[in-house]
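The values are calculated or read from the model by the stated rules, or taken from the named source; none is laboratory data. Source: prediction; values computed, not measured. Here the Cβ positions follow ideal geometry from the backbone for every residue, glycine too, while neighbour counts run over all protein chains shown.
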Amino acid sequence: MDNKKFLDQLEGTGIVPVIKLENTDDAVALAKALYDGGIRCAEVTFRAAGADKVIKAMTDAYPDMLVGAGTVLTVDQCDKAIEAGAKFCVAPGLNPTVVKHCLDKGVPFAPGVANGSQIEQALELGLDFVKFFPAEQAGGLPYIKAVSAPYSMMKFMPTGGVNENNLNSYLGFKKIVCCGGSWIVPDKLVKAQKWDEITALCKSAVNKMLDFQLVHVGINAENEADASAITAKFGELFGWDQKVGNSAIFAGTYVECKKAEKIGTHGHIAVATGNVKRAVYQLEQKGVKFDMSTATYDDDGRMKFVYLADEIGGFKVHLVEKK
């Protein structure tokens, strides 16, 4: 798989569930539970026998799902994973022989690192993406920020101690592509075959990760005087200060009145999220279309803003990255 496409899909998913599946017959049902919950990615660990059978069953049933192999410690495990259809391999540590073998097969490999020396070994192997493991036990986000500072080209997937409560703290750091974890596939639910509950956990995690928040509502005014009158009324009612801009007048931060330019039939709605690119990926899975001609990016190529293609109730809607 092309490395950029691989990283784009990982970033879009945001969460990589680490799966230890002892009953290989449950592979397709578990894949469906993840898929329906918005998690179209999985790391199937070789800590359980039959991991290659699980990978094959998942990839056969969901070809567009990014299914990889975890705890790949040997060349033999690497070969089994690739033969089964694994689209990437992951390990808790860095074994140059296994990494090279996997890369020679054209499959991305994310070895585990926990310090600068191991990051430099990964760079020597031509890697720009690694697993940081065990994340919380090795120092968590502050340590990742510190150790990654000299290595601007390296990106990370923290795994180990990451959960729904600290996920967004990790994902808020731009060098982190995604996070690995098992909290959305707890063993007790898998063994009890409670697939609906796993799907619910996935949806909850995705919603918390995206953390959509209403920023402001834009109203189409007839002219500058009309915009001034509308925002003044909001100020009288709610004590919001009137702020005059070049193209619009604001009432506090919540209401924007366009002076002349009209966006949408009635106006527009701004919704903030931590990662616009990830939000686009997740919403596209639900059939939402975007007007990519409206997208804007920062100096690093990170998407900051984009409009949905269709109006909702006469309002255009755009996503914007949280500040």
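Quick check on segment 74-107: of everything there that is of a type in the set (V, I, T) and closer than 15 Å to N3 by Cβ, which residue is farthest from the chain's Cα centre (by Cα)?
The selected residue is V99.
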Under 8 Å between Cβ atoms, at least 6 apart or on separate chains: pull out the pairs that start in segment 212-237 with a residue that is closer than 16 Å to G267 by Cα and end on any residue that is at pLDDT 95 or above and among the charged types (D, E, K, R). H216/E256; V217/E256; G218/E256; I219/E256
I'd like to verify a number: residues in segment 269-308 that are basic (K, R) and modelled with pLDDT of 95 or more, how many? 4
Every listed condition ((1) under 27 Å from H268 (Cα atoms); (2) surrounded by 19 or more Cβ atoms within 10 Å (Cβ to Cβ)) holds for G181 save (1)
Being among the polar types (S, T, N, Q) and free of Cβ contacts under 8 Å to residues at least 12 places away in the same chain narrows it down to one of S117, S182, S148, S169, so name that one. S117
Would you tally the residues in segment 129-168 being of a type in the set (D, E, K, R) and out of contact with any strand residue (DSSP E or B) (no Cβ under 6 Å at 6 or more places or on another chain)? 3
